[in-house]
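Inspection log for the structure reproduced underneath, given as structure tokens.
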Amino acid sequence: MSNSNISLLSPIIQFVFIFVLMASSASWLKFRGVLTEAHTPVISRIITDFVLPALIFYKMSSVTLTRLQIDSAIAIVGSELITGIAAYLIGRFVIGFQRGALGTFILASTFGSTSLMGTSLIQIVFPNNAEALATGIAVGQVGVGMPNYAIGALIALWFGTQRSKVDLVQVFKAFILNPPVVSFIAGLLWALLSLPHTGFLLTVVFGALEFSGISLTFLAALLTGLTMKKIGRKDLGLPFFTCALLLLLVQPVIAYELDAITGDVGSMNSVLVLLLGAMPASPIVIAYSVRYGCDVDLAAKLVISTCVLSIFTLPLIAYVYF
């Protein structure tokens, strides 16, 4: 392993412990009575409806998608498709999940929290690197975010209890009107039209967007800490280990190998594909399970358990590949 590759391992380990420390602050705030679990929907809406869209638009407004970024996004989508099919087959024929639990298991094993933890990770692993952050956002949104908002909702609708018909119009509206998607498209259009970023009013607006995006790491960690649930020994069964294996190890390796076919192995793009593909399960899995009648308890446990396990798998993947 080269010295440059070894140097990547250190900031990843630092990020994991920084994130855990910030997430642990939620316990202190709960003890002080400042926050309770009842505040999690508010914090979640602040992230998804304002902070994340602000950061996405700010970064995407100054970049355009390159062929390598598109190839990387396609590689991640391909890995999601493979692991999603594997999760369905294992969940149905090996574990024997009922319909609602099967939908949750597929979602948790397929879509990582790239939009939250992934962006935060890039900010720490590649400090002051605007190109890395913009590339990470572009690849993450196209490869994980947009499929999650669309396909994820379809999966939840299909497997949700007492759902005999999928409302495609509802899913399409939810996808188009989703704030991160709107900001992603708006940012791309801004960049394609070469619109300005400076001027008295524009400088104020883009400055506000930049500073709003800085709070993403802390808010994501706080949300994770507030939603943590105790995981007992009985929960550490086949579903737990299968989900963790598929999402945290198999999926990033597949994405990396698929990207290597068309990309430049060892480049920043390949590093980002591997790291973004190794993110733990998205908290959106919980929201989908609540809304569409899947297994909410299983969703919470898989999201939290994969988040905890990523403390070990992220440095492991970085060590093995870089």
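Taken together, the values in this text are just the output of simple stated rules run on the coordinates, not laboratory data. Quantities reported herein were computed from a predicted structural model and do not represent experimental measurements. Every residue, glycine among them, receives a Cβ derived from its backbone with ideal geometry; neighbour counts consider all protein chains shown.
Among 26-32, 277-283, how do they line up by average Cβ neighbours within 10 Å per residue, starting with the highest?
Numbers: 26-32: 13.4, 277-283: 27.9.
Per-residue mean Cβ counts within 10 Å order the peptides as 277-283, 26-32.
Cross-chain or 8 or more residues apart, Cα under 16 Å: how many lysine pairs in the chain fit that? Count them up, please. Walk me through the intermediate numbers first.
Working: Lys30/Lys229; Lys30/Lys230; Lys229/Lys301; Lys230/Lys301; Lys234/Lys301.
Total qualifying Lys-Lys pairs in the chain comes to 5.
Each residue of region 72-78 in order: what ³J(HN,Hα) in whole Hz does its phi give by Karplus 6.51 cos²θ - 1.76 cosθ + 1.60, θ = phi - 60°, with x for Gly and Pro?
5, 5, 5, 4, 5, 4, x
What ranking of Tyr288, Tyr319 emerges when the number of other C-beta atoms within 10 Å of each C-beta is taken as an exposure proxy, fewest first? Provide the component values of the computation, followed by the final result.
Working: Tyr288 26, Tyr319 15.
The fewest-first ordering by Cβ neighbours comes to Tyr319, Tyr288.
Arrange the peptides 98-109, 48-59 so that the one whose residues have, on average, the most other Cβ atoms within 10 Å appears first. Before the final figure, lay out the partial values.
Working: 98-109: 25.5, 48-59: 22.6.
Order by mean packing, descending: 98-109, 48-59.
Using just the helices of the chain, give the 222 nm mean residue ellipticity in deg cm²/dmol: DSSP H runs with n ≥ 4 each add -39,500 (n - 2.57), and the total is spread over all residues, rounded to 500. Each step should come with its number before you reach the end.
Values: 17 runs with 219 residues, N = 322.
Roughly -21500 deg cm²/dmol at 222 nm, from the helical runs in the chain.
How long is the gain from Arg32 to Gln14 if the chain were fully straight, where each residue apart is worth 0.36 nm and the alpha carbon distance is subtracted? Could you put the intermediate results ahead of the total?
Working: separation 18, 0.36 × 18 = 6.48 nm, distance 2.72 nm.
The span from Arg32 to Gln14 would gain 3.8 nm if fully extended.
Percent relative contact order of region 3-317, based on C-alpha pairs within less than 8 angstrom and at least six residues apart?
About 34 percent, as a whole number.
Using θ = phi - 60° and the Karplus form 6.51 cos²θ - 1.76 cosθ + 1.60, what ³J(HN,Hα) does each residue of region 34-42 get, whole Hz, x for Gly and Pro?
Once θ is set to phi - 60°, the couplings for region 34-42 become 6, 10, 9, 4, 5, 7, 4, x, 5 Hz.
Give the peptides 69-77, 138-146 in descending order of average Cβ contacts within 10 Å, highest first.
Numbers: 69-77: 22.3, 138-146: 26.0.
Output ranking for 69-77, 138-146: 138-146, 69-77.
Quick check for me: using +1 on Lys/Arg Cβ and -1 on Asp/Glu Cβ, what's the dipole size of the chain about its Cα centre, in debye to the nearest 20? Could you put the intermediate results ahead of the total?
On the way: 16 positive and 13 negative charges, 194 e Å.
In debye, rounded to 20, the chain gives about 940.
Using Cβ contacts closer than 10 Å as the measure, can you line up Ile137, Ile261, Ile317 from fewest to most?
Ascending number of Cβ neighbours within 10 Å: Ile261, Ile317, Ile137.
Arranged by the count of other C-beta atoms within 10 angstrom, fewest first, what order do Thr110, Thr217, Thr198 take? Before the final figure, lay out the partial values.
Working: Thr110 30, Thr217 21, Thr198 8.
The order, fewest Cβ neighbours first, is Thr198, Thr217, Thr110.
Hey, of (1) 18.9, 62; (2) 19.3, 58; (3) 17.9, 51, which did the structure itself give for Rg and Dmax of the Cα atoms in Å when calculated?
(1)
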